[in-house]
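Only the coordinates and a few stated rules stand behind these numbers; no lab work does. Quick caveat, the model's predicted, so the values are computed rather than measured.
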């Protein structure tokens with residue numbers, strides 16, 4: 001799984017029946033958390049402070065009022081200033097009301113630390129999707145851009161294993177989604193490299209399931225793909241979660257509940273894939289601008305304004321890092337040396353930063369890195385300094401120790 005260990009933004013948890021565990025690393029105080037059951041029973045309005053996540057266990061003391069509960073809750077979710085991770089915790093025979101579109105539907109046996117990790121993963125995924133949309137709005141598209149094979153095609157579900165339930169999976173999802181089967185993890189990865197898949201079901205004995213999940217997760221292209229694992233023994237559910245399953249399907253599942261879980265996974269997987277494709281396209285476009293002297297300053301300022309406004313909704317800041325030679329103690333004596341230094345700094349920043357961070361050459365300004373958190377700037381600063389120190393030790397005259 002594309003493991004994240006820290007929240008992208010802090011905030012209270014809105015919860016019903018299961019309060020997410022805190023990491024203890026600067027999280028919002030537990031006293032700010034909102035018990036949705038208590039607020040619903042009082043008929044109260046929810047506060048406007050943006051939550052870190054919303055978690056609802058559908059069995060949480062709502063005795064016969066589940067539909068009414070979601071009718072009360074969903075308008076507050078829709079009125080939030082931006083998207084946040086929204087989870088439904090359930091079992092195979094629980095009813096999930098129509099019209100609810102959570103980020104994920106998860107077996108309620110998910111361990112606390114895995115649930116927190118999923119919240120971290122989904123927070124970042126939401127930011128990546130929004131970043132991809134923002135770049136397309138500001139920079140436009142590359143005419144004739146050809147995306148990678150694993151980003152191309154219609155939404156599809158990959159089923160790995162030979163349990164004999166293939167028709168059950170096919171029957172559980174909408175006809176517009178194609179279901180493709182693979183005997184094992186190696187075959188699945190081969191198929192997934194050739195066309196788009198937005199979710200995977202691993203339907204195999206426990207030992208094989210763990211092996212197949214790990215094969216998929218080891219490939220960086222599919223590290224963040226939703227992977228649902230089928231489990232016959234309740235004692236194995238936690239192990240499957242800890243080995244990379246996004247959700248675990250236990251025992252018999254109601255057809256409508258199974259359909260909802262699969263549809264939710266596919267919907268999230270499609271958003272992840274579109275974000276990957278959009279960020280890859282913008283990255284190529286930004287590289288092309290280097291051949292034209294860099295990104296136009298008006299484009300750059302428009303991006304900064306739009307991105308700053310989007311992050312401010314979550315209480316986040318944008319961190320701009322000017323990659324000028326003098327900022328790293330580099331002495332440049334000629335235009336050719338300056339161009340070479342710019343290229344080096346851009347390469348280091350591009351390799352060190354995340355895809356959702358903007359790394360580019362700006363006309364009349366030079367190379368810049370625009371990052372989503374201060375930790376990213378510290379990581380990049382340290383990486384540049386480390387490489388420059390190594391360069392000096394090797395006797396190359398393009399830099400000096402800082």
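Using alpha carbons only, how many degrees (0 to 90, rounded to 10) separate the axis of helix 112-139 from the longest principal axis of the chain? Taking Cα atoms only, the helix is inclined about 50 degrees.
Do you know the relative contact order of segment 292-393, to the nearest whole percent, from alpha carbon pairs under 8 angstrom that are 6+ apart?
Result for segment 292-393 is 35 percent.
Mean residue ellipticity at 222 nm, helices only, the chain: -14000 deg cm²/dmol; runs of at least 4 DSSP H residues each add -39,500 (n - 2.57), and the sum is divided by the number of residues. Principal-axis analysis of the Cα atoms of the chain puts helix 206-218 at an angle of about 30° to the longest axis.
Computed over the chain, relative contact order equals 15 percent, with contacts defined as Cα pairs under 8 Å that lie 6+ residues apart.
Each listed q (0.17, 0.23, 0.30 Å⁻¹) maps to a log10 I(q)/I(0) for segment 260-299, found by the Debye formula over equal Cα scatterers with no solvent: -0.57, -0.74, -0.92. Take every Cα pair under 8 Å whose residues are at least 6 apart in sequence, average their separation, divide by the length of segment 16-166, and the relative contact order is 22 percent. Return one number: the angle in degrees, 0 to 90 and rounded to the nearest 10, between the long axis of the Cα atoms of helix 374-393 and the longest principal axis of the Cα atoms of the chain. Its long axis makes an angle of about 40 degrees.
Restricting to bridges with both residues inside the chain, how much of the DSSP beta-bridge set is antiparallel, in percent to the nearest 5? List each step's numbers first, then the result.
Working: 9 of 40 bridges.
Here the antiparallel bridges make up roughly 20 percent for the chain.
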